[in-house]
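**Student:** First the structure, which I've put down as structure tokens, then a few questions once you've had a look.
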Amino acid sequence: MNIPPRLGKYPVTGVLGKGAMGIVYRGYDPVIKRAVAIKTIRRELIEEDEKAESLAGRFRKEAQAAGALNHPGIVAIYEYGEDSNYAFIAMEYVEGNSLREYLARGAKFDERDTVSIMSQLLDALEFAHNRSVWHRDVKPANIIIMGNGRIKLADFGIARIESSDRTMANVVMGTPGYIAPEHYLGQRGDHRIDVFAAGVLFYVLLAGQAPFRGRAEAIMHDVCYHDPEPPSEVDATHRWPQYDAIVERALKKSPADRFASAGAFRAAILAEYARPVSDSISESTIISHVVRPVAVEPSAPSTPKTGVASGGGTPPPPGWEAPVLAGVEVELARFVGPVARVLVRRAARTHKNLQALVGALAPAIDLREEREKFARAVTGRGLPVPVAAGDGETESTVHETSLSGPALSDEDLERATRLLTTYIGPIAKVVAKRAAGKGVSRREFFAKVAQSLESEAQRERFLREAGASRG
């Protein structure tokens, strides 16, 4: 792949993927000192036929539409530019994985996470709609889940600005299955096309499958003339039937019968949920289903390091400075991806010096040589680190009787690991193994493991279910 050394003022440092109209690069803003994503379209595509004006217009319109939207749930647009070979948009670099990638890996979101995703999405859409901009391509691929559990709505590439008179008539834009009926029927659409698409997404999260499936022609027919079965009846689990009526209203064929706004849609969901809504999806979901990113790096000078996840905003655990933890996150993310932020913040709650923190994080990296590389990058020297299972190395676990109580048994370790997994996901194996150090007593072990849980209620429940008080 021929990677340009720079686009406008931005040095190009890698390839993030391919968009609908061109390649998306990772770059660096030398003035603001931050990473950026740069979406490109080759100028020859703009200039080669009579469709050039509409294609270029759509590209500029993306910058115009999203550039006016300053919201934590919407990917920010920084600049539209052109050079001799490309037209490009420089935008916020958000490290994470799309909802489509989560679904492709078989993620089944629980009610808490499903409501959180929809709440965040609809809040972002309401913000855009109130500024006379609607997205027109809401779908899992355009929803990025960051390492901190927050979502970002990306790619306003076919957004329509209400006051614009440049939208072409009789052109269907969007993704089959998420396109509203009025688009197919050649009727004038408004912000409620996003309400319909969000309703399709809600159905997918609830039922685990799309409401409209098949070839494009079959999907178009079903969208216009067929009502899907309620999401709670798709399989034998009958999950959360209280949301069936909400989905049905969001997917009404006539825009007048749908929710009047994204805000009304969100309010209906929260009324049925009837509990405080989380502003992020759970750490265990991120750890269980995170997709490690693969970037193609060019042979170009290195650029200053930047943060792992955009929009974190959370203060560091006591005893740590934010820049120190950010540096550890950057180095760990090279090996484990966006989940680095979750792992670092969790470990920093109980480990208060750099050596201890690195030792606690190293088992999350699969290969021994990569663990050594991570330790050397953070501390400047090699570090004896725990050995992760599965890389051909052996490690003996010795449970000896301690003065502070009975010794930890293999049965205790296995039971605690299995139970802890229901709270924090696969990382439970690392947490439990680390707590089961040489000579640790049964009481000390359970106390250490319980500290990995977020609330006192969770810790008490875990200790009770694990039988920690026995013996």
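**Student:** Of the cross-linked pairs Lys352/Lys448; Lys33/Lys373; Lys61/Lys252; Lys18/Lys252; Lys39/Lys139; Lys108/Lys433, which ones have a Cα-Cα span greater than 22 Å in the structure shown?
**Tutor:** Details: Lys352/Lys448 15 Å; Lys33/Lys373 26 Å; Lys61/Lys252 29 Å; Lys18/Lys252 34 Å; Lys39/Lys139 19 Å; Lys108/Lys433 27 Å.
Beyond 22 Å between Cα atoms: Lys33/Lys373; Lys61/Lys252; Lys18/Lys252; Lys108/Lys433.
**Student:** Something else about it: Take each of the peptides 244-252, 280-288, 134-142, average the number of other beta-carbon atoms within 10 Å over its residues, and list them starting from the highest.
**Tutor:** The densest-packed peptide leads the list: 134-142, 280-288, 244-252.
**Student:** Trypsin sites (Lys or Arg not before Pro), restricted to segment 317-361: which are DSSP loop and have at most 12 other Cβ atoms within 10 Å?
**Tutor:** Lys352
**Student:** Principal axes first, then extents: for the Cα atoms of segment 410-465, list largest minus smallest coordinate on each axis, whole Å, largest first.
**Tutor:** The principal-axis extents, from largest down, are 28, 21, 16 Å.
Each reported figure results from applying straightforward, stated rules to the coordinates on display, with no laboratory input. Remember, predicted model here, so these are calculated numbers, not experimental data. Backbone-built Cβ (ideal geometry, glycine too); neighbour counts: all protein chains shown.
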